[in-house]
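Working notes, structure below.
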Amino acid sequence: MRNRRGVALMVVLWSVALLATLTAMATSAARMSAATATNIRSRAVARAMAESGVLAATADIGDSLRVYGNDAAHRDAYLSRLEPSVMGAAAMIDDSLGEGRFAVTIVDVSARLDVNTAGVDGLTSLFATATSTGTARTMAEQIESAIVGAQTLNVDAAAMARDSLAAMLLGRERSPLTRLAFESLDAVRDVVGDNAGVLAQVASQLTVDGDGRINRRAASRAVLAAASGSLVDAPSRLLIVARGWERGHPLSREIEAVYDVATDGLHLVRWRERDR
């Protein structure tokens with residue numbers, strides 16, 4: 001009888017231990033599921049808020065442009081007020097909806113030097129404001145080589161052959177069919193490698209979203225000296241940066257939307273998203 005009671009006790013203890021382990025595992029799984037659900041919800045709220053920020057900004061700017069219509073003077077003055085600081089970005093909207101919140105800033109892209117079209121000389125001129133001329137030239141050549149190299153790798157061989165034949169018949173050198181552009185300054189930073197610190201110093205004067213025009217009223221002297229595009233008196237392209245998040249949650253979503261500024265309103269050119 002004593003042996004039987006000892007075996008029964010061991011079975012009960014093992015059963016209790018097993019049930020405790022299963023309970024702990026179930027509790028942990030439930031917590032993980034709850035955390036996953038919370039993150040998914042927060043990510044959805046953050047994106048919805050960021051998108052709401054873009055829509056609110058474009059609606060506000062579009063309405064103003066339609067009000068001014070063909071009144072170029074007032075229209076240009078309004079656009080210039082969107083980014084009062086040449087070197088920074090102006091806070092335009094900061095609002096909330098329920099537990100979601102968003103903030104929007106506007107960047108005058110045409111007040112910055114476009115990495116993709118500035119060329120070696122233009123980039124060297126701007127980089128030289130933060131480093132030696134030799135280093136500036138090296139960085140500019142690295143960037144230009146990356147653009148041309150990427151282009152060469154992605155051009156169809158048959159298309160290159162046709163272009164070469166046409167060039168020969170016309171008596172001129174073959175020109176590139178396409179020019180692959182950088183889509184972010186992060187990609188440019190990767191190209192310059194050890195000189196990323198120099199790039200960071202002039203990043204506020206650089207863009208990858210330009211259209212070849214420079215707003216001379218907002219561009220810095222360094223940008224004006226380096227630029228080779230046409231000069232205008234008001235922003236020709238705007239970058240709307242909207243960040244959304246849920247109150248009390250660290251995850252946020254950032255949307256960068258680039259728009260051409262036209263008489264009839266804004267026209268979307270580029271759209272980028274990322275978690276922050």
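Values in this text are rule-based calculations from the coordinates and carry no lab data. The structure presented is a predicted model; accordingly, all values stated were derived computationally and were not measured. In this analysis, Cβ positions are derived from the backbone assuming ideal geometry, glycine residues included, and neighbour counts consider all displayed protein chains.
Spacing of the modelled spin labels on VAL12 and ASP60, each 7 Å from Cα toward Cβ, amounts to 7.1 nm. Modelled spin-label separation between ALA29 and THR133, with each label point placed 7 Å from Cα along the Cα-to-Cβ direction: 7.1 nm.
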